[in-house]
Every structure is written in structure tokens, then in C-alpha cells.
Amino acid sequence: MTTRAEFLGRIRAEMAKTPGLFPASVTPRPAEPHAVAETIRRELAERWPEILERFRKEFERVGGVFHRAPSLADVPQVVAAISREREARRLVAWDPRELGADLGPALAARGLEPHAMPAGAVADAAERARLRRLVAEAELGLTGVDLAIAETGTLVIRSGAGRPRSTSLLPPYHVAVFDRTVLVESLSQAGVFLEAWHAGGEPADRGAIVSFITGPSRTADIELTLTRGVHGPKEVHAIFVEKTIRG
């Protein structure tokens, strides 16, 4: 019987035969993740434009579509342009308190059919079924972002009350809104924030799922024919808001 150490040793030996791979190492867990996260925030505060530019390049490299908006109030105009180009109207969005503003009226005024998710847990089974149908039939899903990783062009999104995971996974067009406060440079820094979120336990309104979204859904069959949108959105749009969304 092969032991775990032998199995991993064989994998390392095979990987060593492939040129160009960087060595993997384990990042130590911070003893005080909240303090380390705050230090990272302060260090990135002055360099956010260059971090954003790197995020944009990597995000577009993996097939994402990048947009900019002066403020959150300008986001409906960008979303409406996206929907017109794709002939899409039905939209589901996070609860306004999770997005930072109620964009529903402005989206409706531009010809969309917006539906916001409820702020808390839904006890009624019939209402839960109705909401599931709304999300499943929607063409656009509008969410916020918890972290934007420049190194890989990745959006990190936590599920929870008012922000169901389905809004970013089921609609064919996912539109994510973020500002400079969620930018980080690397996966290593993102790990610090994951530790900080879970230090002492997650808040009661946060779900168990943390999604790392790096471009649209891609699936290849046995003949390596690539198809988008089979297990998630076929397009991912990121709208960077120049003016800080909160505070």
C-alpha cells in the first residue's frame, strides 16, 4: 500500500520534470490576522492605482470585461449598456444594504426588470421557491465584491444574508461592483483577510461559501472543445467605482 508521503513524493518528482514551475511553499498563518490585514490596507492605500491596473490586465487576460464608473449612482448606466448589447432585461441583485445603495429604480428607468434579494433569511418555502425561480430565470446578476486580487484578476465573494451565491453563479452575465478598498495584490494577502474574517467566528449573517471567481465559466469536453457558461456565467463584468462605495 502506498503511503501518503510516498504518494506526495511521486507527485513532486513528476512536477520537477516540468520546466518553468515555481516552488510551492506554505504561508504561515498570522497570529493576529486583523492587525496584519489593517497593515496591508494602509500599505496599499497609496498604491491602489497601480494595483488596479494590474488587476485590470489580469482580469481581462482571463476573459473578464472591465468597466469604470465615477460613483455608485453611475453604475446603472453601465449595467444598462451591458444589458442592451446582450438583449438582456431580467436582473437579480444583492440586497441594497449589501450593494451600498438601492439601484433598482435607476435600473428600472433604463428598461431593466430588477429584483433585489431579501435582506434576511426567508422562512416561507413558497417564497424561497419563488426567489430561486427569479434567480434561475434572470439574465444578469449584480453583486458586490469582498476582495479583488490583482495577481490573478480574481473576484472573491462571500455568501450570506442578502447576498446569495446564486446571484453570481446562475445568470449568464455576472456584473460585480467594487472600489479601491477591496483591492489586494496577491493570493497571500487574500489569505490574511480570509483568516481575519474567520478569526473568532463569522458573523451570523454570513454564509459558509467563499467564491473565488477568475473569469467566466469554462468547460472542455474530451475533445478539448471549450465552452463558456456551462457551470456558471459565460461573461463576468467588473465595474470599478472611483468614489469609495462605503464611507
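Read-outs: derived from the displayed coordinates by stated rules, not from any lab. Computed from a prediction, not measured in an experiment: that's the story for all the values here. Don't worry about glycine lacking a Cβ; one is built from the backbone with ideal geometry, like all the others, and counts go over all protein chains shown.
Rank 152, 181, 27 by mean-square fluctuation in a GNM of the chain with C-alpha springs under 10 angstrom and give only the top-ranked residue.
27
I want to check the label-to-label distance for residue 126 and residue 68. Put each point 7 Å from Cα in the C-beta direction and report it in nm to one decimal.
Modelled inter-label distance: 5.0 nm.
Relative contact order (percent) for the chain, with alpha-carbon contacts under 8 angstrom and 6 or more residues of separation? Walk me through the numbers before you get to the answer.
Numbers: 434 pairs, mean separation 62.3, N = 247.
Computed value for the chain: 25 percent relative contact order.
Fewest first, what order do 167, 244 take by the number of other Cβ atoms within 10 Å?
244, 167
Using only the alpha carbons of segment 33-241, determine the length spanned along each of the three principal axes and report them from longest to shortest in whole angstroms.
Between the extreme Cα coordinates on each principal axis of segment 33-241 lie 44, 42, 42 Å.
What length, rounded to one decimal in nm, is gained on full extension from residue 26 through to residue 199, with 0.36 nm per residue of separation minus their alpha-carbon distance?
Numbers: separation 173, 0.36 × 173 = 62.28 nm, distance 1.94 nm.
Contour length minus Cα-Cα distance gives 60.3 nm.
Would you be so kind as to identify which of 80, 99, 45 lies farthest towards the positive end of the dipole of the chain, taking Lys and Arg as +1 and Asp and Glu as -1 on Cβ and the Cα centre as origin?
Checking the options against the dipole of the chain, the answer is 80.
I want the antiparallel fraction of DSSP beta bridges within segment 33-241, as a percent rounded to 5. It would help to have the intermediate numbers written out before the result.
On the way: 12 of 36 bridges.
Taking every DSSP beta bridge within segment 33-241, about 35 percent pair in antiparallel fashion.
Rounded to the nearest 20 debye, what is the charge dipole size of the chain about its Cα centre when +1 sits on each Lys and Arg Cβ and -1 on each Asp and Glu Cβ? Before the final figure, lay out the partial values.
Working: 33 positive and 32 negative charges, 65 e Å.
I would put it at about 300 debye.
Sort 146, 179 so the one with the fewest other Cβ atoms within 10 Å of its own Cβ comes first. Each step should come with its number before you reach the end.
Values: 146 19, 179 23.
Fewest-to-most Cβ neighbours within 10 Å comes out as 146, 179.
With 10 angstrom as the radius, rank 234, 243, 17 by how many other C-beta atoms surround their C-beta, starting from the fewest.
Working: 234 17, 243 12, 17 7.
Fewest-to-most Cβ neighbours within 10 Å comes out as 17, 243, 234.
Where is the GNM fluctuation largest for the chain (alpha-carbon springs, 10 angstrom cutoff): 196, 31, 123?
Of the options given, 123 has the highest mean-square fluctuation.
Residues with beta-carbon under 15 Å from that of residue 85, excluding residue 85: net charge, scoring Lys, Arg +1 and Asp, Glu -1? Spell out each step's value before the answer.
On the way: positive: 84, 86, 89, 110, 234; negative: 87, 139, 235.
Overall, the nearby charge balance is +2.
Per-residue HN-Hα couplings for segment 7-17, Karplus 6.51 cos²θ - 1.76 cosθ + 1.60 at θ = phi - 60°, whole Hz, x for Gly and Pro?
Values per residue, Gly and Pro as x: 4, 5, x, 5, 4, 4, 5, 5, 5, 5, 7 Hz.
If you take the beta carbon distance between residue 61 and residue 159 as r and set R0 to 35 Å, what does 1/(1 + (r/R0)^6) give as a FRET efficiency, to the nearest 0.05? Walk me through the numbers on the way to the answer.
Working: r = 27 Å, r/R0 = 0.76.
According to the calculation, E is roughly 0.85.
Taking GluC sites (Glu not before Pro) as exposed when DSSP calls them loop (any state but H, G, I, E, B) and at most 15 other Cβ atoms lie within 10 Å, what is the longest stretch of the chain free of them, the sites themselves excluded? Kindly include the intermediate steps, with their values, before the conclusion.
Numbers: sites that count: 46, 87, 223, 242.
The answer is 88-222.
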